[in-house]
Amino acid sequence: MARGPQRDRGGRDREERDSEFTDKLVHINRVAKVVKGGKRFGFAALVVVGDLKGRVGFGHGKAREVPEAIRKATEAAKRNLLRVPLRDARTLHHDTVGRHGSGKVILRSAPAGTGIIAGGAMRAVFEMVGVQDVVAKSMGSTNPYNVVRATFDALKLQENPRAVAARRNKKVSDIVSRRRDGSAIDAGVEA
């Protein structure tokens with residue numbers, strides 16, 4: 001669900017910052033609180049925002065109305081952004097596993113033309129990151145909150161070959177050539 005720039009209080013800077021991000025509603029949950037007169041309903045929203053170029057964040061917002069919950073979740077997502085290094089601006093550098101609670105996700109880089117092969121909550125994250133080719137599997141918890149958090153846990157482990165080469169005092173070409181040979185699938189990142 002892409003929304004336009006916010007014009008309420010932030011001014012020009014906020015409009016420019018908001019225009020670079022798109023957001024996607026992953027899950028909305030209706031919750032009820034039992035009070036003396038009956039039930040009081042509220043809504044909880046899970047939103048993923050990204051710039052489609054490697055920056056992504058997720059947020060959770062709760063309010064009495066759906067639009068307000070989505071706005072709160074979007075603001076929370078923009079406050080904690082994560083930069084994900086992408087290979088050829090289309091896929092991940094190496095395979096990773098992420099966990100959160102009882103949720104576990106496996107992310108694998110894929111050749112060009114594969115597309116995003118992933119379930120609902122993970123698909124939203126990959127679309128907002130800007131990943132075009134990836135194969136992912138979610139195991140354990142199917143709760144969208146756990147799946148999104150596990151996906152972010154896996155994305156935090158993504159490393160760019162330049163950083164790995166610097167840490168290991170090697171040349172980038174050594175690490176990348178090993179990956180293409182298939183002799184080191186994980187591009188030098190120890191699991």
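The values are calculated or read from the model by the stated rules, or taken from the named source; none is laboratory data. Everything numeric here is computed off the predicted structure, so don't read it as measured data. Virtual Cβ from ideal backbone geometry, glycine too; neighbours counted across all protein chains shown.
Tell me yes or no: at least one residue of the stretch 47-59 is surrounded by fewer than 18 Cβ atoms within 10 Å (Cβ to Cβ) and of a type in the set (Phe, Trp, Tyr). Within the stretch 47-59 (the criterion being surrounded by fewer than 18 Cβ atoms within 10 Å (Cβ to Cβ) and of a type in the set (Phe, Trp, Tyr)), the answer is no, since none of the residues qualifies. The set of residues in the stretch 84-100 that are crowded, with 19+ Cβ neighbours inside 10 Å and assigned to a strand (DSSP E or B) comprises 91, 96, 98, 100. Looking across the stretch 1-46 at every residue that is at pLDDT 90 or above, among the aliphatic types (A, V, I, L, M) and loosely packed, with under 13 Cβ neighbours inside 10 Å, the one that is farthest from the chain's Cα centre (by Cα) is identified as 35. Restricting the search to the stretch 27-52, which residues are in contact with an Asp or Glu (Cβ under 9 Å, 6 or more places away or on another chain) and within 30 Å of residue 159 (Cβ to Cβ)? Within the stretch 27-52, 47, 48, 49, 50, 51, 52 meet the criteria.
Within the stretch 62-83, the set of residues being among the charged types (D, E, K, R) and either more than 19 Å from the chain's Cα centre (by Cα) or not in a helix (DSSP H, G or I) (or both) comprises 62, 64, 65, 68, 83.
Conditions (1) modelled with pLDDT under 95; (2) touching a Leu at 6+ places or on another chain (Cβ under 7 Å); (3) at positive phi, marked per residue:
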residue	(1), (2), (3)
114	yes, no, no
120	yes, no, no
123	yes, no, no
130	yes, yes, yes
133	yes, no, no
140	yes, no, yes
158	yes, yes, no
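Within the stretch 105-140, the set of residues being of a type in the set (A, V, I, L, M, F, W, C) and either part of a loop (DSSP other than H, G, I, E, B) or touching a residue at least 60 places away in the same chain (Cβ under 8 Å) (or both) comprises 110, 112, 118, 121, 124, 125, 128, 129, 131.
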